[in-house]
Amino acid sequence: MSTAVSDHPVRLPRPVKYRAQREGITLLASMVALMWIVEIINTIDSNRLDSDGIWARSVSHLWGIVTAPFLHASFQHLLANTVPLVFLGVIIALHGARRLALVTVVVILLGGLGTWLIAPSHSITVGASGLVFGYATYLLVRGFFDRSALEVLVGIVVGVIWGAALIGSLVPQGHVSWQGHLCGGIAGVIAAYGLRKPRAKPAAAAPAAAQ
């Protein structure tokens, strides 16, 4: 007796799918809330927390790679990052908290390490813009890695809405870390590749019947 195995992905029951989406959005909301709470504390403390960002090539401050995305130079800086972060983050969060967490960790660590390596000497980088770039490039390219027409369409929409702003942010200008933007964007592509859907294995040929 033979058993047929379907190559189609298993569809989650709707209650499970909706719960995963709620968990993803809750995680995103928690991240954004943490950024605003930290900025309130930072403002009260005369922005002293800004010194906990990424210090270029300073081994003693290597931990700043993790803290930098949650620190901002001002409320205006934070607001400018919050809008695209929420817009892009929600799209990722709809795939669940685990997916959002994995993309976030990859972008923060790899993007932050890249910024630590190539940022100007004696500079300190803070802000979630590198994370925004990582989310954007993840959404732009994941459809090609997953071979999903819907995800490609989502990437096109992201490109139309945010493409010009993202490209413009790569142009060197005073007090803006184009290095953080670039490295965050590269990390987003790496995240999309690393989290791509596994290819379906071709079914094994049935053995020939004995004569």
So is Ala68 crowded, with 19+ Cβ neighbours inside 10 Å and over 24 Å from Lys17 (Cβ atoms) or not? yes
Show the residue pairs meeting these rules: Cβ distance below 9 Å; 6+ apart or different chains; first residue within region 108-120 and more than 16 Å from Phe70 (Cα to Cα); second residue polar (S, T, N, Q) and in a helix (DSSP H, G or I). Gly114/Gln179; Leu117/Gln179; Ile118/Gln179; Ala119/Gln179; Pro120/Gln179
Matching residues in region 54-72 (in a helix (DSSP H, G or I) and over 24 Å from the mean Cα position of the chain (by Cα)) number 2
Out of region 177-198, which residues are surrounded by fewer than 20 Cβ atoms within 10 Å (Cβ to Cβ), touching a residue at least 12 places away in the same chain (Cβ under 8 Å) and either in contact with a Gly (Cβ under 6 Å, 6 or more places away or on another chain) or farther than 26 Å from Gly96 by Cβ (or both)? Leu182
Quick one: Asn81 ticks every box in (1) within 30 Å of Val141 (Cα to Cα); (2) surrounded by fewer than 18 Cβ atoms within 10 Å (Cβ to Cβ); (3) free of Cβ contacts under 8 Å to residues at least 60 places away in the same chain except a single one, so which number is it? (2)
Please specify each residue of region 108-131 satisfying the condition of being touching a Ser or Thr at 6+ places or on another chain (Cβ under 9 Å) and either of a type in the set (Val, Ile, Thr) or in a helix (DSSP H, G or I) (or both). Gly112, Thr115, Trp116, Ile124, Thr125, Val126, Ser129, Gly130, Leu131
Just to be sure, is Arg142 under 19 Å from Arg22 (Cβ atoms) and modelled with pLDDT of 95 or more? no
Considering each of Ser46, Ser51 in turn, give the residue that is surrounded by fewer than 19 Cβ atoms within 10 Å (Cβ to Cβ), without any contact (Cβ under 8 Å) to a residue 40 or more places away in the chain and either touching a strand residue (DSSP E or B) at 6+ places or on another chain (Cβ under 8 Å) or not in a helix (DSSP H, G or I) (or both). Ser46
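When you go through Phe145, Phe133 one by one, which is the residue that is of a type in the set (A, V, I, L, M, F, W, C), in contact with a His (Cβ under 8 Å, 6 or more places away or on another chain), surrounded by 15 or more Cβ atoms within 10 Å (Cβ to Cβ) and at negative phi?
Criteria check complete, one pass: Phe133.
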Residues to consider are Thr104, Thr82; find the one that is among the hydroxyl-bearing types (Ser, Thr, Tyr), more than 22 Å from Arg196 (Cα to Cα) and assigned to a helix (DSSP H, G or I). Thr82
Just one of the numbered conditions (1) under 30 Å from Arg22 (Cα atoms); (2) surrounded by 14 or more Cβ atoms within 10 Å (Cβ to Cβ); (3) not β-branched (Val, Ile, Thr) is not true of Ser123; which one? (1)
If a residue must be within 16 Å of the chain's Cα centre (by Cα) and of a type in the set (Ser, Thr, Tyr), how many such residues does region 112-133 contain? 2
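The values are calculated or read from the model by the stated rules, or taken from the named source; none is laboratory data. Owing to the predicted nature of the structure, the values given are computational and were not obtained by experimental measurement. Glycine gets a Cβ as well: all are built from the backbone with ideal geometry, and neighbour counts include every protein chain shown.
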